[in-house]
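Colleague: I'd like to ask some things about the structure below.
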Amino acid sequence: MLLDFAALELAGVAGHLVMAVLFALSLVITGFYITLLERCVARFRTLRPTYCSIYDPYFWLHERLWKVPALEYFHAFDGTPFKTLIWRLMGVRVGRRVFDDGSYISERTLTAIGDDCVLNNGSRLQGHSEEDATFKSDRITLGDGCTVGVGAIVHYGVTMGDGSVVAPDSFLMKGAEVPAHARWGGNPAVELR
(Lines give C-alpha, C1' and ligand atoms only; values in the text may rest on other atoms or scores of the structure.)
Protein backbone atom coordinates (compact mmCIF):
# COMPACT_ATOMS: atom_id res chain seq x y z
CA MET A 1 0.00 0.00 0.00
CA LEU A 2 2.80 2.40 0.85
CA LEU A 3 4.46 1.71 -2.50
CA ASP A 4 1.18 2.34 -4.31
CA PHE A 5 0.60 5.62 -2.51
CA ALA A 6 4.16 6.76 -3.19
CA ALA A 7 3.80 5.88 -6.89
CA LEU A 8 0.50 7.76 -7.07
CA GLU A 9 1.98 10.83 -5.37
CA LEU A 10 5.06 10.89 -7.64
CA ALA A 11 3.28 9.90 -10.87
CA GLY A 12 3.18 13.48 -12.12
CA VAL A 13 6.93 13.98 -11.69
CA ALA A 14 8.33 10.86 -13.36
CA GLY A 15 5.33 8.61 -13.96
CA HIS A 16 6.92 5.82 -15.98
CA LEU A 17 10.03 5.62 -13.82
CA VAL A 18 7.99 5.50 -10.61
CA MET A 19 5.72 2.76 -11.99
CA ALA A 20 8.73 0.69 -13.11
CA VAL A 21 10.30 0.94 -9.65
CA LEU A 22 6.94 0.08 -8.04
CA PHE A 23 6.60 -3.03 -10.23
CA ALA A 24 10.15 -4.23 -9.49
CA LEU A 25 9.79 -3.69 -5.75
CA SER A 26 6.39 -5.37 -5.65
CA LEU A 27 7.86 -8.51 -7.26
CA VAL A 28 10.58 -8.69 -4.62
CA ILE A 29 8.33 -7.89 -1.68
CA THR A 30 5.66 -10.37 -2.82
CA GLY A 31 8.27 -13.13 -3.03
CA PHE A 32 9.43 -12.54 0.51
CA TYR A 33 5.85 -12.19 1.74
CA ILE A 34 4.70 -15.51 0.24
CA THR A 35 7.80 -17.26 1.53
CA LEU A 36 7.38 -15.87 5.03
CA LEU A 37 3.68 -16.73 5.03
CA GLU A 38 4.34 -20.34 4.06
CA ARG A 39 7.11 -20.72 6.62
CA CYS A 40 4.82 -19.28 9.33
CA VAL A 41 2.02 -21.71 8.43
CA ALA A 42 4.53 -24.57 8.75
CA ARG A 43 5.82 -23.03 12.01
CA PHE A 44 9.31 -22.84 10.48
CA ARG A 45 9.58 -26.65 10.50
CA THR A 46 10.15 -29.08 7.68
CA LEU A 47 7.47 -31.51 6.62
CA ARG A 48 7.96 -35.17 7.50
CA PRO A 49 7.21 -38.18 5.30
CA THR A 50 3.74 -39.35 6.33
CA TYR A 51 1.32 -42.23 5.96
CA CYS A 52 -1.97 -41.32 7.65
CA SER A 53 -5.73 -41.00 7.27
CA ILE A 54 -7.15 -37.95 5.54
CA TYR A 55 -8.92 -37.25 8.84
CA ASP A 56 -5.64 -36.90 10.72
CA PRO A 57 -4.94 -33.25 11.74
CA TYR A 58 -1.42 -33.46 10.29
CA PHE A 59 -2.92 -34.03 6.83
CA TRP A 60 -4.86 -30.77 7.07
CA LEU A 61 -1.73 -28.79 7.95
CA HIS A 62 0.16 -30.49 5.14
CA GLU A 63 -2.60 -29.80 2.60
CA ARG A 64 -2.83 -26.15 3.64
CA LEU A 65 0.77 -25.65 2.50
CA TRP A 66 -0.12 -26.53 -1.12
CA LYS A 67 -2.54 -23.62 -1.18
CA VAL A 68 -0.36 -20.87 0.31
CA PRO A 69 1.76 -19.75 -2.67
CA ALA A 70 0.17 -18.01 -5.65
CA LEU A 71 1.25 -20.16 -8.60
CA GLU A 72 0.80 -17.33 -11.10
CA TYR A 73 3.35 -15.32 -9.15
CA PHE A 74 6.01 -18.03 -9.53
CA HIS A 75 5.66 -18.06 -13.31
CA ALA A 76 7.00 -14.50 -13.43
CA PHE A 77 10.40 -16.00 -12.56
CA ASP A 78 10.40 -19.02 -14.92
CA GLY A 79 13.76 -19.43 -16.61
CA THR A 80 15.57 -17.03 -14.28
CA PRO A 81 17.95 -17.69 -11.40
CA PHE A 82 15.43 -16.00 -9.09
CA LYS A 83 13.08 -19.00 -9.30
CA THR A 84 15.63 -21.28 -7.63
CA LEU A 85 16.26 -18.57 -5.03
CA ILE A 86 12.55 -18.57 -4.19
CA TRP A 87 12.52 -22.39 -3.98
CA ARG A 88 15.46 -22.21 -1.56
CA LEU A 89 13.65 -19.68 0.60
CA MET A 90 10.62 -22.00 0.65
CA GLY A 91 12.71 -24.93 1.89
CA VAL A 92 13.73 -26.84 -1.25
CA ARG A 93 17.32 -28.02 -1.16
CA VAL A 94 18.46 -26.76 -4.57
CA GLY A 95 21.94 -27.23 -5.97
CA ARG A 96 23.96 -24.83 -8.10
CA ARG A 97 23.18 -23.92 -11.71
CA VAL A 98 19.64 -25.38 -11.69
CA PHE A 99 17.47 -24.25 -14.60
CA ASP A 100 13.75 -24.12 -13.79
CA ASP A 101 11.61 -23.23 -16.80
CA GLY A 102 8.23 -23.51 -15.09
CA SER A 103 8.04 -26.48 -12.73
CA TYR A 104 5.94 -26.80 -9.60
CA ILE A 105 7.06 -28.47 -6.36
CA SER A 106 4.25 -29.35 -3.96
CA GLU A 107 6.23 -30.56 -0.91
CA ARG A 108 9.03 -28.08 -0.89
CA THR A 109 10.80 -29.15 2.32
CA LEU A 110 10.76 -32.82 1.24
CA THR A 111 12.51 -32.15 -2.09
CA ALA A 112 16.23 -32.14 -2.91
CA ILE A 113 17.58 -31.15 -6.33
CA GLY A 114 21.24 -31.62 -7.22
CA ASP A 115 23.59 -29.40 -9.20
CA ASP A 116 23.12 -28.70 -12.94
CA CYS A 117 19.53 -30.03 -13.12
CA VAL A 118 16.88 -28.96 -15.63
CA LEU A 119 13.19 -28.73 -14.66
CA ASN A 120 11.21 -28.06 -17.83
CA ASN A 121 7.97 -26.16 -18.31
CA GLY A 122 4.90 -27.83 -16.83
CA SER A 123 6.86 -30.44 -14.89
CA ARG A 124 5.73 -31.33 -11.37
CA LEU A 125 7.59 -32.77 -8.41
CA GLN A 126 4.66 -34.09 -6.39
CA GLY A 127 5.70 -35.49 -3.02
CA HIS A 128 2.26 -36.75 -1.98
CA SER A 129 -0.73 -38.86 -2.96
CA GLU A 130 -4.21 -39.58 -1.63
CA GLU A 131 -5.23 -43.20 -2.10
CA ASP A 132 -8.33 -44.84 -0.57
CA ALA A 133 -8.79 -42.17 2.14
CA THR A 134 -5.09 -42.47 2.99
CA PHE A 135 -2.57 -39.68 2.62
CA LYS A 136 1.02 -40.59 1.75
CA SER A 137 4.00 -38.30 1.36
CA ASP A 138 7.70 -38.92 1.00
CA ARG A 139 10.93 -37.32 -0.19
CA ILE A 140 11.95 -36.70 -3.79
CA THR A 141 15.66 -36.65 -4.61
CA LEU A 142 17.17 -35.64 -7.95
CA GLY A 143 20.89 -36.25 -8.35
CA ASP A 144 23.32 -33.99 -10.18
CA GLY A 145 22.62 -33.31 -13.85
CA CYS A 146 19.06 -34.71 -13.94
CA THR A 147 16.47 -33.56 -16.47
CA VAL A 148 12.70 -33.63 -15.95
CA GLY A 149 10.96 -33.27 -19.32
CA VAL A 150 8.15 -30.92 -20.33
CA GLY A 151 4.91 -31.88 -18.59
CA ALA A 152 6.50 -34.80 -16.71
CA ILE A 153 5.41 -35.75 -13.20
CA VAL A 154 7.76 -37.14 -10.57
CA HIS A 155 5.82 -38.74 -7.71
CA TYR A 156 6.72 -39.19 -4.04
CA GLY A 157 9.51 -41.49 -2.86
CA VAL A 158 11.45 -41.18 -6.14
CA THR A 159 15.22 -41.10 -6.33
CA MET A 160 16.85 -40.15 -9.64
CA GLY A 161 20.53 -40.96 -10.06
CA ASP A 162 23.07 -38.51 -11.47
CA GLY A 163 22.52 -37.61 -15.11
CA SER A 164 19.19 -39.43 -15.44
CA VAL A 165 16.36 -38.15 -17.65
CA VAL A 166 12.57 -38.38 -17.45
CA ALA A 167 11.08 -37.93 -20.93
CA PRO A 168 8.37 -35.33 -21.68
CA ASP A 169 4.78 -36.14 -20.61
CA SER A 170 5.93 -39.07 -18.48
CA PHE A 171 4.77 -40.14 -15.03
CA LEU A 172 7.54 -41.45 -12.79
CA MET A 173 5.59 -43.54 -10.26
CA LYS A 174 5.98 -43.50 -6.50
CA GLY A 175 9.06 -45.13 -5.06
CA ALA A 176 10.88 -45.45 -8.40
CA GLU A 177 14.66 -45.65 -8.28
CA VAL A 178 16.14 -44.38 -11.52
CA PRO A 179 19.78 -45.43 -11.98
CA ALA A 180 22.47 -42.94 -12.95
CA HIS A 181 22.49 -41.88 -16.62
CA ALA A 182 19.27 -43.78 -17.40
CA ARG A 183 16.44 -42.45 -19.58
CA TRP A 184 12.89 -43.20 -18.48
CA GLY A 185 9.62 -42.36 -20.21
CA GLY A 186 5.96 -43.24 -20.57
CA ASN A 187 2.98 -43.48 -18.26
CA PRO A 188 3.94 -45.18 -16.00
CA ALA A 189 7.56 -44.45 -16.79
CA VAL A 190 9.86 -47.34 -17.60
CA GLU A 191 13.45 -47.45 -18.74
CA LEU A 192 13.83 -46.58 -22.42
CA ARG A 193 16.31 -48.33 -24.68
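Colleague: Which FRET efficiency value, to the nearest 0.05, do you get for residue 190 and residue 82 by plugging their Cβ-Cβ distance into 1/(1 + (r/R0)^6) with R0 = 41 Å? The partial results should precede the final answer.
Modeller: Values: r = 35 Å, r/R0 = 0.87.
About 0.70, to the nearest 0.05.
Colleague: Rounded to the nearest 500 deg cm²/dmol, what is the calculated helix-only ellipticity per residue at 222 nm for the chain, with -39500 (n - 2.57) per DSSP H run of length n ≥ 4? Don't jump to the answer; show the numbers that get you there.
Modeller: Details: 4 runs with 63 residues, N = 193.
Value at 222 nm, helices only, nearest 500: -11000 deg cm²/dmol.
Colleague: Which of the helices in the chain, when you take each full DSSP H run, stretch at least 20 Å along the axis at their Cα atoms and have an average Kyte-Doolittle score of -0.5 or higher? Mind showing how you got there, number by number?
Modeller: On the way: long enough: 2-41 (41 Å, 1.72).
Correct list, ordered by number: 2-41.
Colleague: With θ set to phi - 60° and the Karplus curve 6.51 cos²θ - 1.76 cosθ + 1.60, what are the ³J(HN,Hα) couplings of the range 111-124 in order, to the nearest whole Hz, using x for Gly and Pro?
Modeller: 10, 10, 10, x, 5, 6, 8, 10, 10, 7, 4, x, 7, 10
Colleague: GNM, the chain, Cα, under 10 Å: largest mean-square fluctuation among 175, 157, 91?
Modeller: Result for the chain, Cα springs under 10 Å: 175 fluctuates most.
Colleague: Could you pull out every one of the lysines with an alpha carbon less than 21 Å from that of residue 174, ignoring same-chain neighbours closer than 8 positions?
Modeller: Output for residue 174: 136.
Colleague: Quote the FRET efficiency, to the nearest 0.05, computed for residue 96 versus residue 180 with a Förster distance R0 of 22 Å and r equal to the Cβ-Cβ distance. Don't skip to the end; give the middle numbers.
Modeller: Numbers: r = 19 Å, r/R0 = 0.86.
Efficiency, from the Cβ-Cβ distance: 0.70.
Colleague: Using the beta-carbon distance between residue 131 and residue 11 and R0 = 45 Å, what value does 1/(1 + (r/R0)^6) give for FRET efficiency, to the nearest 0.05? Intermediate values should be presented prior to the final figure.
Modeller: On the way: r = 54 Å, r/R0 = 1.21.
The computed FRET efficiency comes out at 0.25.
Colleague: Order these peptides, 72-81, 115-124, by their mean beta-carbon neighbour count within 10 angstrom, highest first.
Modeller: Taking the mean over residues of other Cβ atoms within 10 Å, the ranking is 115-124, 72-81.
Colleague: Which whole-number percent of Cα pairs in the range 102-172 have a distance greater than 18 Å? Could you put the intermediate results ahead of the total?
Modeller: Working: 756 of 2485 pairs.
Of all Cα-Cα distances in the range 102-172, 30 percent exceed 18 Å.
Colleague: Same structure again: Just the accessible area per residue of the range 36-193, please: how many Å² with a 1.4 Å probe? Kindly include the intermediate steps, with their values, before the conclusion.
Modeller: On the way: 7630 Å² over 158 residues.
Value for the range 36-193: 48 Å² per residue.
Colleague: So, one more: Regarding the chain, what whole-number volume in Å³ per residue does the convex hull of its Cα atoms give? Mind showing how you got there, number by number?
Modeller: Numbers: hull volume 22.8 nm³, N = 193.
It is 118 Å³ per residue.
Colleague: Right, here's the next one. Karplus couplings for the range 139-155 from phi (6.51 cos²θ - 1.76 cosθ + 1.60, θ = phi - 60°), rounded to Hz, Gly and Pro as x?
Modeller: 6, 10, 10, 10, x, 5, x, 7, 10, 10, x, 4, x, 7, 10, 10, 8
Colleague: Carbon-plus-sulfur fraction of the accessible area of the chain, 1.4 Å probe, in percent?
Modeller: Details: 6450 of 10360 Å².
Of the solvent-accessible surface of the chain, carbon and sulfur hold 62 percent.
The values are calculated or read from the model by the stated rules, or taken from the named source; none is laboratory data. No experiment lies behind these values; they were computed from the predicted model shown. Backbone-built Cβ (ideal geometry, glycine too); neighbour counts: all protein chains shown. Each accessible area value is taken on the protein alone, full model and side chains, heavy atoms only, with ligands, DNA and RNA left out. Shrake-Rupley method; radii C 1.70, N 1.55, O 1.52, S 1.80 Å.
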